[in-house]
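> Please see the structure below; I have some questions.
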Amino acid sequence: MNTAATPGAQPNPTRARRKLASPTVAMLPRIADSLSFLYLDIVRIHQDDTGVCAEVTSERRGTEKVYVPTAALGCVLLGPGTSITARALATFARHGTTVLITGAGGVRCYAAALPDSLTTTWLERQTRAWADDTRRLAVATAMYEKRFGEATVPPGTTLAQLRGFEGQHVKAHYRVLAQQYKIGRFRRAYDPASWDTQDPVNLALSAANTCLYGIVHAAILALGCSAALGFVHNGNQQAFVYDIADLYKADLTIPLAFSLHASTNPEAEARRSFRDGLRLFKLLPRIVGDIQELLGLGSAYDIPDPEEQLVDLWDPISGPVPGGMNHGTDT
């Protein structure tokens, strides 16, 4: 007998907590409204009756528990010493949160657990533009124009010339910031084999860029696009991530890194300062809007309701036809 259905029976508190902890589609925020990211290390992450929590156990304080706002996070970076249960990982995926497995301080990304895409509409637009050389060049040119201004990109400029413009602008930006902070000549270097011997600016820049890549990656996946189909970058599973992240480095990560030139812990400070700066920069709405603009998708930020999504059938003549129905003819 099901005692829960018996009149006068006491309600099951565990079942009630689980029901309250399960968000409806209406409760989930849009990707443009999500928080930026959360970095965790040396913790155990698991799912209990009320949500996903991170636990830290020490001899001095015992076990401390903090609940993670899974539905409001764009991505979670899990550093060394972190363990996560299958139930917690499934909750992140269900709430559309990208989980990245990173090195110490989130400096390198080793793997990712990706949420299900809500629609393929934007992926199809991206794929068509990527597969057509003329359209791909147009998107790549638009990316450079966003970074350097349309006036600096003359009509008919080739991609090789655009790469040259990029190099000149980035070097000039480094030079101005180096003079501003009086640190002499700066050269960008990224060498994981000799990581600890690098200068604070390079360490801070690598740490901040990794956080930026995680946020961009999360936004791309939440829109249903492919992180691998880049328009400027190519041959890497995060090519499109690097494309979009480059739009914001001059405003976000590069000035931040130079400001930490005298820091004794530039990686940690870069992550904290970067996170604080995002509140003013409103990065996620900008990423969503820029991707949609670059792919010709308009400026609306809304993602279609998952409960309204139906699988269509492809037809080369009439276009998509409704799925979920029998198309057999009556005899």
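> Straight-line reach from K282: which lysines fall under 20 Å, measuring Cα to Cα and dropping same-chain residues less than 8 apart?
Leaving aside lysines fewer than 8 places away in the same chain, those within reach of K282 are K146, K249.
> Let me ask something additional. Describe numerically, in nm with one decimal, the distance between label points set 7 Å from Cα along Cα→Cβ at I42 and at D133.
Reported label-point gap for I42 and D133 is 5.4 nm.
> From the residues A140, T264, F281, which one has its Cα farthest along the dipole of the stretch 121-300 in the positive direction, the dipole being from +1 and -1 charges on Cβ of Lys/Arg and Asp/Glu about the Cα centre?
Comparing the listed Cα positions along the dipole, T264 ranks first.
> Ranking R136, R128 by Cβ neighbours within 10 Å, fewest first, what do you get?
In increasing order of surrounding Cβ atoms, one gets R128, R136.
> Kindly write out, for the stretch 45-58 in residue order, the coupling ³J(HN,Hα) from the Karplus curve 6.51 cos²θ - 1.76 cosθ + 1.60 (θ = phi - 60°), rounded to whole Hz, with x marking Gly and Pro.
Those phi angles translate into 10, 8, 9, 10, 5, 10, x, 8, 10, 10, 10, 10, 10, 9 Hz.
> How high is the FRET efficiency from A250 to T63, r the C-beta distance, R0 41 Å, rounded to 0.05?
Numbers: r = 44 Å, r/R0 = 1.07.
Result of the calculation: an efficiency of 0.40.
> Near the amide H of L77, under 5 Å away, which other amide H atoms are found, from residues 5 or more places off or on another chain, if H is placed in the peptide plane?
Answer set, sorted by chain and number: L38, Y39, L40, L100.
> Still on this structure, please answer the following. Provide the gained length on full extension for the span R175 to T157, in nm with one decimal, where the gain is 0.36 nm per separating residue minus the Cα-Cα distance. Before the final figure, lay out each step's value.
On the way: separation 18, 0.36 × 18 = 6.48 nm, distance 2.54 nm.
Length gained between R175 and T157: 3.9 nm.
> Relative contact order for the stretch 121-300: what percent, with Cα pairs under 8 Å and sequence separation of 6 or more? Each step should come with its number before you reach the end.
Numbers: 189 pairs, mean separation 46.9, N = 180.
Reported relative contact order: 26 percent.
> Using the Cα centre of the stretch 121-300 as the reference point, and only Cβ charges (+1 on K/R, -1 on D/E), how large is the resulting charge dipole? Debye, rounded to the nearest 20.
The calculation lands at about 300 debye.
> Just to be sure I understand: if I project the alpha-carbon convex hull of the stretch 121-300 onto a plane and average over all orientations, what area do I get in nm²?
Mean projected area of the Cα convex hull: 11.0 nm².
> Hey, quick one: spin label on A262, modelled 7 Å out along Cα-Cβ, who in the stretch 167-207 has an amide N within reach, i.e. under 12 Å?
Flagged as within label range: 181-183.
None of the figures in this text is laboratory data; all of them are computed from the coordinates on show. Every value quoted in this text rests on a predicted model; they were computed, and no experiment measured them. Because the Cβ atoms are built from the backbone with ideal geometry, glycine has one as well, and the counts that use them run over all protein chains shown.
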